[in-house]
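What follows is a set of notes on a single structure, which appears directly below.
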Amino acid sequence: MQRHVVCNKEELRPGDVRAVKAGGRRIAVACLEDNSYRAVADTCPHEMASLAKGKVEKMWLSDGVGHHRAAEQKYVVVCPWHNFEFDLDTGLSPCEPDRLRVATFKASLESDEVVVYI
């Protein structure tokens, strides 16, 4: 894996997601509420929208019809075009995990720099 510095810590605040290029790939890098970072391929497999133009939210879980709650430590990026969601840890679509997935990459903060490993 190669290390790629994609931005400084100050450029990506909790809840933000931004597009970067690393290793010849378009990547969407997100900063979560706990100041941890996630990185996924920036292209939605449904209609090819930029996921970096979407938003980061907690994943919603359900125990049955009419009952839902926000997951404590699970986050998704929501596609700006058709609201497809992708788990930022696995890259899977919670609704269609067998059909829709984006690549995930290791992301972290190192010496005030956000880095992605590809």
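Working only within segment 77-98, note down all residues that are acidic (Asp, Glu) and surrounded by fewer than 20 Cβ atoms within 10 Å (Cβ to Cβ). Correct list: 89, 96, 98.
Here's a check for you: in segment 99-118, which residue that is touching a Gly at 6+ places or on another chain (Cβ under 7 Å) and in a strand (DSSP E or B) is most open to solvent (accessible area, probe 1.4 Å)? Once the filter is applied, the top-ranked residue is 101. Scanning segment 1-21 for residues that are open to solvent by less than 50 Å² (accessible area, probe 1.4 Å), within 16 Å of residue 117 (Cα to Cα) and under 15 Å from the mean Cα position of the chain (by Cα) yields a count of 2.
Taking the condition closer than 24 Å to residue 112 by Cα and of a type in the set (A, V, I, L, M), does residue 28 pass? So that I can check it myself, show each step before the final result.
On the way: closer than 24 Å to residue 112 by Cα: yes; of a type in the set (A, V, I, L, M): yes.
Criteria met by residue 28.
In summary, residue 103 fulfils each of the numbered conditions (1) at pLDDT 95 or above; (2) under 11 Å from the mean Cα position of the chain (by Cα); (3) closer than 24 Å to residue 10 by Cα with the single exception of condition (3). No other residue among 41, 19, 30 is touching a helix residue (DSSP H, G or I) at 6+ places or on another chain (Cβ under 6 Å), under 26 Å from residue 110 (Cα atoms) and modelled with pLDDT of 95 or more apart from 19. Here residue 74 passes the criteria (1) farther than 21 Å from residue 108 by Cβ; (2) more than 9 Å from the chain's Cα centre (by Cα); (3) surrounded by 13 or more Cβ atoms within 10 Å (Cβ to Cβ) except the one numbered (1). Taking residue 78, is it of a type in the set (A, V, I, L, M, F, W, C), at negative phi and modelled with pLDDT under 95? It is false that residue 78 is of a type in the set (A, V, I, L, M, F, W, C), at negative phi and modelled with pLDDT under 95.
The values are calculated or read from the model by the stated rules, or taken from the named source; none is laboratory data. Keep in mind that what you see is a predicted model, and the values were worked out from it rather than measured. Using ideal geometry, Cβ is built from the backbone for each residue, glycine included, and neighbour counts are taken over all protein chains shown. These area figures cover heavy atoms from the full protein model, side chains too; ligands, DNA and RNA do not enter into them. Shrake-Rupley method; radii C 1.70, N 1.55, O 1.52, S 1.80 Å.
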